[in-house]
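Novice: Take this structure, written in structure tokens, and hold onto it; I'll ask about it next.
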Amino acid sequence: ASELAQYCLMLGDDALVYAQRLSEWTSRAPDLEEDIAIANIALDLVGQARLLLARAAAADPALVPSLPEGSPVPDEDRLAYFRDAGAFRNVRLAEQPNGDFAELIARLLVMSTWRLAIFQRLVDHQDAVVAAIAAKGVKELAYHRDFAGRWFVTLARGTGESHRRLTDAMRTVWPLIPELTASTETESRVGVDPATLADEIGVVLDQVLAVAGITAPETPGLAGVRGRTGRHGMHSEALSRLLAEMQVVARAHPMGRW
Amino acid sequence: ASELAQYCLMLGDDALVYAQRLSEWTSRAPDLEEDIAIANIALDLVGQARLLLARAAAADPALVPSLPEGSPVPDEDRLAYFRDAGAFRNVRLAEQPNGDFAELIARLLVMSTWRLAIFQRLVDHQDAVVAAIAAKGVKELAYHRDFAGRWFVTLARGTGESHRRLTDAMRTVWPLIPELTASTETESRVGVDPATLADEIGVVLDQVLAVAGITAPETPGLAGVRGRTGRHGMHSEALSRLLAEMQVVARAHPMGRW
Amino acid sequence: MQVDQAPLEEAFEATIAANDRIEPRDWMPEHYRQTLIRQVAQHAHSEIIGMQPEGNWITRAPSLRRKAVLLAKVQDEAGHGLYLYSATETLGVSRDELTRRLISGKQKYSSIFNYPTLTYADVGTIGWLVDGAAICNQVPLCRTSYGPYGRAMIRICKEESFHQRQGYELLMTMMRGTDEQRAMVQESVDRFWWPALMMFGPPDGDSPNTAQSMAWGIKRHTNDELRQRFVDMSMPQAEALGVTFPDPELKWNEERGSYDYGEPDWEEFWHVVKGNGPCNTQRVAHRKAAYDDGAWVREAASAAAARNEAEASQ
Amino acid sequence: MQVDQAPLEEAFEATIAANDRIEPRDWMPEHYRQTLIRQVAQHAHSEIIGMQPEGNWITRAPSLRRKAVLLAKVQDEAGHGLYLYSATETLGVSRDELTRRLISGKQKYSSIFNYPTLTYADVGTIGWLVDGAAICNQVPLCRTSYGPYGRAMIRICKEESFHQRQGYELLMTMMRGTDEQRAMVQESVDRFWWPALMMFGPPDGDSPNTAQSMAWGIKRHTNDELRQRFVDMSMPQAEALGVTFPDPELKWNEERGSYDYGEPDWEEFWHVVKGNGPCNTQRVAHRKAAYDDGAWVREAASAAAARNEAEASQ
């Protein structure tokens, strides 16, 4: 049970942290249609995060941070708001600070392609809750990927500036891809072994890049510390700042009702 | 005693919050000399804040936020780290988000001119501690003002771009000046009535502007909410974000030793 | 070519008199068109600028449920802006042109959004009082004479009532929480009460356009009528919530069957309308930055569309 | 014009042999000059890039005293960078040129700064272990053959020891705090121990420039000698602090009168040196942004100076 909980935490934290970055875009997008679409994607991911964190808490109550006696804060919020950066299990791609719209699109293309591949396999997971979360998520993630893919091609085929910005964005995002397909024991044992997804993801990305007429940058993967990366709680400097903002109100009111 | 404490809080919060903004510049200044100078100014202000917050706590222990029994957090840090935005008494000029280097210089010129005028009068304050803090601060603030004044003239007389940026910066900073010279009962009763400083500050700023060959923008003062501004705890949206970052580690460890 | 406008004007007046709708294809007086553009654009701008004060708290929402609710709400506001800009497009002005008028300060938006949001309780108070006041203003507009505007308003009002209930529910939940939370709610209500009252505009005596707008069916009630309705509606809600409004003159007037209330600070109102409220500069600068930062994306989209079209026609 | 270099070379060698100092006005072999430029510039860059990992926590320092200490420390690092760039200027390369070499990736800085700082304990650990290792490296350089570099090092080493004591004192204080704080210190030490050992460079067998640098008196000890000294120095400090190092092979060797220790992960080391550590891109991008954002200010300062001069000479 504990390992299932850890796995749900990984997938839940990916969604939560990335949704936080996406929600920073609100009222800042290039046009209203994109503002609405980005908020929609963030909403989908918050929804996924809630289900996955709740599942993690149910599978292993020991994971849930304890609060003062009588606190009405529900488990999903204890996990979201009362853990420090080192206890988060998301990949580092999710937590990177936002760049421009090209960075948003490049990152969303990679994140949604990867997550969709995972969820498609989890549809048959032996844990019925995880399977149901995956079934619902697959539809959402397919939409996210379509949105990103369409914009990716648009930016690639748009103006000189959009093409330049997109290739810059890819240099930022691509080094974080190898972490997405690096196996951890937990993932291979109770979920989808990320290493088995590398080819599938590569094929999808190559297709989009081919339509866009763009070649992938040749960058090595971003190193961790002694091989430990986001899944092991070893994050970039950005995560603790993200959490300082995200958690500030909740932590100021451990006995609060919202 | 309580009103003296409130007054020390006002002057202490100005220094603390503004030092926080200045310290965000660290490793980001146009050159090493300025990086060092800005850190120096921030350091001076952190020093002033510590003395003033300690004086506030001594003058009225009821002001100091209470922490769990046995917490080793000293009074100055309880005041700095465990109050919410609405309990801060700094002027809103101190808390504004950083802009470019021209904004830094324009704001520093105004802040240091104003604060120096206050401190010069507080040298004779009946509270010996306040008088001593002021005596020390006067020298520091005179240096801050000189630094800002020199750069103000340099940017005004530099390139077309620096001149344009400086005038933009003045449009950002000038609307916050009227708040600096608006009287509150506490200030007029136990400290320096800010309204009595308006002429003096105007003369100094006019001198710098004359040397720089620049005219002050004609902007109305930034309104508060029903006449309440920073001194009444009515801040801009920026302050709560600043505090979320500044206080995050301290608040996570109310029993911590540092 | 000069056409005789008399029959067109007659038809227009007849439609208005019958409480029927004017549609984009119909003839309309130029002054009616301009007044509508100004009003609908101002409404659209209010939705878009209104995303900021609440959007300020999305990243700090204190529970995941509230984060989802707030994200969805701010997203709805973008949607409202979208419908309303579309309605103005039927009057012959593009969204892009209107956005330029907004960020250059030529067109206004509701002054309420020039007040800062300082705590999470403000999210609830904006839902309850600000959306509440907006609904009072807007429900009559569902019957407004211009078709596209009236239909947009029907949809918007439905969503606004939903938002209002959500805001009230947030405050209700917080009032069942800790003492700090209750204090936070009261402080927020104290801050927003007067600005909310000002949302109905200046007193009828100082509202020169009201008569013409009412004659055209663009407006259905005077400012003071709507304000009174809002006060009467809000008082029992405040009691149920357990908060007070910061107005010592507020009391039930048996004779009128309504609440008496104090005079808002109209000097503050005009100050904010003229652009000198606590957040006017910030709000417009934020919108301008988003618009400017997005220029290259909109250009890329046009260029790519043109390219696709050219390739398709080969 | 070709001059006979033999007597110049002899004088140079004699100065080196006598452990005297070469001064900027003295003749020196071109290879010596280039090697020095590389070494001093790399040291200067390390100070400047080193401002970032600790600077990351200035705005979040958990007490006002610690905020002041940290601000002052990072300020000192800027000062060190300043002395060292001045030293390279005596060798004929400007600070501006060196900065461009840094941000274009042509010159390196100490790899340790390509690791992230993840908690406030890292501020202490960097002071204790990273500054500690730097001191081991640098103390011998106070006697280095090039005068301006040696004198800069004397001043720097004095300040670095002060920083090291402050870092150790922070950890000591945290260890007297809560369980969470103690865990935070241990986790930080676990993370920084190996990278700190790598600060002495590759094993002597893989360090091709060492022999020449030692012959010239630019370097005084081999990498492995310094690393051993550091381990021996750190072990008792760790015990006093109450933390362990993440190396099962660490143990006292009675025979050698030194600690045995495990092999660092040299693959990781070369990975980071080649630019692929966890923060290389981030650190250089941060420095580049500061440099680019400051360009207009530096230009304005030059223009204003030129203008003042022109006006003064009229």
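The values are calculated or read from the model by the stated rules, or taken from the named source; none is laboratory data. Computed from a predicted model, the values in this text were never measured in an experiment. Cβ atoms come from the backbone with ideal geometry, glycine included; neighbour counts cover every protein chain shown. SASA here: full protein model, heavy atoms, side chains in, ligands and nucleic acids out. Shrake-Rupley method; radii C 1.70, N 1.55, O 1.52, S 1.80 Å.
Novice: Assess whether C:VAL243 counts as being touching a Ser or Thr at 6+ places or on another chain (Cβ under 6 Å), hydrophobic (A, V, I, L, M, F, W, C), open to solvent by less than 50 Å² (accessible area, probe 1.4 Å) and touching a residue at least 60 places away in the same chain (Cβ under 8 Å). Give the derivation first.
Specialist: On the way: touching a Ser or Thr at 6+ places or on another chain (Cβ under 6 Å): no; hydrophobic (A, V, I, L, M, F, W, C): yes; open to solvent by less than 50 Å² (accessible area, probe 1.4 Å): yes; touching a residue at least 60 places away in the same chain (Cβ under 8 Å): yes.
Taking the combined requirement at face value, the residue does not satisfy it.
Novice: Taking the stated definitions as given, is C:ILE112 touching a residue at least 60 places away in the same chain (Cβ under 8 Å), closer than 30 Å to B:ALA85 by Cα and either open to solvent by less than 10 Å² (accessible area, probe 1.4 Å) or not in a loop (DSSP other than H, G, I, E, B) (or both)?
Specialist: On the way: touching a residue at least 60 places away in the same chain (Cβ under 8 Å): yes; closer than 30 Å to B:ALA85 by Cα: yes; either open to solvent by less than 10 Å² (accessible area, probe 1.4 Å) or not in a loop (DSSP other than H, G, I, E, B) (or both): yes.
Answer is yes for this residue.
Novice: When the stretch C:290-305 is examined, which residues are found to be farther than 15 Å from C:ILE48 by Cβ, among the small types (Gly, Ala, Ser) and within 7 Å of another protein chain (Cβ to nearest Cβ)?
Specialist: Of everything in the stretch C:290-305, those that are farther than 15 Å from C:ILE48 by Cβ, among the small types (Gly, Ala, Ser) and within 7 Å of another protein chain (Cβ to nearest Cβ) turn out to be C:ALA300, C:ALA301, C:ALA303, C:ALA304.
Novice: Can you confirm whether the stretch B:61-68 contains a residue that is within 11 Å of another protein chain (Cβ to nearest Cβ), touching a Pro at 6+ places or on another chain (Cβ under 8 Å) and either buried (at least 20 other Cβ atoms within 10 Å of the Cβ) or not in a helix (DSSP H, G or I) (or both)? Talk me through it step by step, then tell me what you get.
Specialist: Step one: of the stretch B:61-68, the residues within 11 Å of another protein chain (Cβ to nearest Cβ) are B:68.
Among the residues that remain, those that are also touching a Pro at 6+ places or on another chain (Cβ under 8 Å) are: B:68.
Pick out the ones that are also either buried (at least 20 other Cβ atoms within 10 Å of the Cβ) or not in a helix (DSSP H, G or I) (or both) and you get B:68.
Yes, the stretch B:61-68 contains a residue that is within 11 Å of another protein chain (Cβ to nearest Cβ), touching a Pro at 6+ places or on another chain (Cβ under 8 Å) and either buried (at least 20 other Cβ atoms within 10 Å of the Cβ) or not in a helix (DSSP H, G or I) (or both).
Novice: Regarding D:GLY257, is this residue touching a helix residue (DSSP H, G or I) at 6+ places or on another chain (Cβ under 6 Å), surrounded by fewer than 19 Cβ atoms within 10 Å (Cβ to Cβ), of a type in the set (Gly, Ala, Ser) and away from chain A (no Cβ under 14 Å)?
Specialist: When the stated conditions are applied, D:GLY257 does not pass them.
Novice: Got a number for residues in the stretch D:142-156 being under 14 Å from the mean Cα position of the chain (by Cα) and open to solvent by less than 20 Å² (accessible area, probe 1.4 Å)?
Specialist: Qualifying residue count for the region: 4.
Novice: Okay, next question. Find all pairs meeting these conditions: Cβ atoms under 7 angstrom apart; at least six residues apart or on different chains; first residue within the stretch B:167-193 and without any contact (Cβ under 8 Å) to a residue 12 or more places away in the chain; second residue open to solvent by 30 Å² or more (accessible area, probe 1.4 Å) and not in a helix (DSSP H, G or I).
Specialist: So the pair list comes out as B:ASP193/B:SER183.
Novice: All but one of (1) surrounded by 23 or more Cβ atoms within 10 Å (Cβ to Cβ); (2) over 18 Å from the mean Cα position of the chain (by Cα); (3) more than 10 Å from chain A (Cβ to nearest Cβ) hold for C:VAL130; state the number of the condition that does not hold.
Specialist: Here C:VAL130 clears every test but (2).
Novice: If I ask for residues that are in contact with a helix residue (DSSP H, G or I) (Cβ under 7 Å, 6 or more places away or on another chain), farther than 30 Å from D:ASP247 by Cα and within 12 Å of chain B (Cβ to nearest Cβ), which ones from the stretch D:264-289 would you list?
Specialist: Restricting attention to the stretch D:264-289, the residues satisfying the condition of being in contact with a helix residue (DSSP H, G or I) (Cβ under 7 Å, 6 or more places away or on another chain) are D:264-265, D:269, D:272-273, D:277-280, D:283-284, D:286-288.
Narrowing the set further to residues that are farther than 30 Å from D:ASP247 by Cα leaves D:284, D:286-288.
Selection gives D:HIS286, D:ARG287, D:LYS288.
Novice: State yes or no: is C:TYR259 in contact (Cβ under 8 Å) with a residue 24 or more places away in the chain and under 29 Å from C:GLN186 (Cα atoms)?
Specialist: Details: in contact (Cβ under 8 Å) with a residue 24 or more places away in the chain: yes; under 29 Å from C:GLN186 (Cα atoms): yes.
When the stated conditions are applied, C:TYR259 passes them.
Novice: Go through the stretch C:36-60 and count every residue that is without any contact (Cβ under 8 Å) to a residue 60 or more places away in the chain, open to solvent by less than 10 Å² (accessible area, probe 1.4 Å), of a type outside the set (Val, Ile, Thr) and within 9 Å of another protein chain (Cβ to nearest Cβ).
Specialist: Count: 1.
Novice: Anything in the stretch D:69-94 that is facing chain B (nearest Cβ under 7 Å) and either within 14 Å of B:GLU33 (Cβ to Cβ) or surrounded by 22 or more Cβ atoms within 10 Å (Cβ to Cβ) (or both)? List them, or say none.
Specialist: Pass one, the stretch D:69-94, residues facing chain B (nearest Cβ under 7 Å): D:71-72, D:74-75, D:78-79, D:81-82.
If the condition is that a residue be facing chain B (nearest Cβ under 7 Å) and either within 14 Å of B:GLU33 (Cβ to Cβ) or surrounded by 22 or more Cβ atoms within 10 Å (Cβ to Cβ) (or both), then D:LEU71, D:VAL74, D:GLN75, D:ALA78, D:GLY79, D:GLY81, D:LEU82 are the ones that fit.
Novice: Further question on the same structure: Among B:ALA19, B:ALA49, B:ALA5, B:ALA39, which is more than 9 Å from chain D (Cβ to nearest Cβ), of a type outside the set (S, T, N, Q) and without any contact (Cβ under 8 Å) to a residue 60 or more places away in the chain? Spell out how you get there, then give the answer.
Specialist: Working: B:ALA19 fails: more than 9 Å from chain D (Cβ to nearest Cβ); B:ALA49 fails: more than 9 Å from chain D (Cβ to nearest Cβ); B:ALA39 fails: more than 9 Å from chain D (Cβ to nearest Cβ).
That would be B:ALA5, the only listed residue that is more than 9 Å from chain D (Cβ to nearest Cβ), of a type outside the set (S, T, N, Q) and without any contact (Cβ under 8 Å) to a residue 60 or more places away in the chain.
Novice: Mind telling me which of the residues A:LEU122, A:LEU116 ends up being over 13 Å from the mean Cα position of the chain (by Cα) and either in contact (Cβ under 8 Å) with a residue 12 or more places away in the chain or surrounded by fewer than 22 Cβ atoms within 10 Å (Cβ to Cβ) (or both)? Can you show your working first?
Specialist: Values: A:LEU116 fails: over 13 Å from the mean Cα position of the chain (by Cα).
Every option except A:LEU122 fails the conditions.
Novice: So which of B:ASP14, B:ASP44, B:ASP31 is out of contact with any Asp or Glu (no Cβ under 7 Å at 6 or more places or on another chain), more than 7 Å from every other protein chain (Cβ to nearest Cβ), over 11 Å from B:LEU79 (Cβ atoms) and modelled with pLDDT of 95 or more?
Specialist: Details: B:ASP44 fails: out of contact with any Asp or Glu (no Cβ under 7 Å at 6 or more places or on another chain); B:ASP31 fails: more than 7 Å from every other protein chain (Cβ to nearest Cβ).
The conditions single out B:ASP14.
Novice: What are the residues in the stretch C:161-171 that are buried (at least 18 other Cβ atoms within 10 Å of the Cβ) and of a type outside the set (Gly, Ala, Ser), if any?
Specialist: C:HIS163, C:GLN164, C:GLN166, C:TYR168, C:LEU170, C:LEU171
Novice: Another question, if that's okay. I'd like to know if the stretch B:146-153 contains one or more residues that are out of contact with any Leu (no Cβ under 7 Å at 6 or more places or on another chain) and modelled with pLDDT under 95.
Specialist: no
Novice: How about the stretch D:208-314: which helices (runs of 4 or more DSSP H) wholly inside it have at least 2 residues that are small (Gly, Ala, Ser)?
Specialist: Working: elements: D:210-215, D:223-241, D:266-271, D:280-293, D:295-312.
Correct list: D:210-215, D:223-241, D:280-293, D:295-312.
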